[in-house]
């Protein structure tokens, strides 16, 4: 009877040990499956840096938006802007360089709030999209630049007109001087002719 009781006790302990091992193995497999499930997600393309950056307030003209990602992005990735009024602003060109997307616009962006809407195709084949906003308030600088350009152009035209006026004045003076010289020469020749005629008339008498 004692032997049977001891044997039963040993079997129960062994059973408990087996159950503990199974639970440990199950927990370990659960943790590993969690890491395996997270791995592909972590490989998705994530925006790391942008110019202009999110929330930026620019006081100078801009016509380019650049985005940098943590993984390589593929051709087919795109970007466009929307204004506060909901107007869509398409870039003139979109260039993909490894992990970088460069969107260039045909002219400087006017003042206002812009939302950057980007969509990229990652190297893992997943499409990721998101948005962020920035503000342009460079109107004063643009107007000042325009005023300076107009002022410079006006001064150039004024100087050109002044130079032309001086040239015309010089030409007029030269023409007047030439006419005076011709008259003097004619008078001298006429005087010489008169003197010669008078001398000839006297000698004839």
Worksheet, complete the sentence: Over its alpha-carbon atoms, the range 47-141 yields an Rg and a Dmax in Å of 13.2, 45
Response to the item:
Going from the fewest other Cβ atoms within 10 Å to the most, one would list 189, 47 as 189, 47
Response to the item:
Cβ density ranking, 10 Å radius, fewest first, applied to 105, 134 yields 105, 134
Item to complete: Please order 184, 127, 96 by the number of other Cβ within 10 Å, starting at the fewest.
Response: 184, 127, 96
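Every number here is computed from the coordinates shown, using simple stated rules; none is lab data. No experiment lies behind these values; they were computed from the predicted model shown. Backbone-built Cβ (ideal geometry, glycine too); neighbour counts: all protein chains shown.
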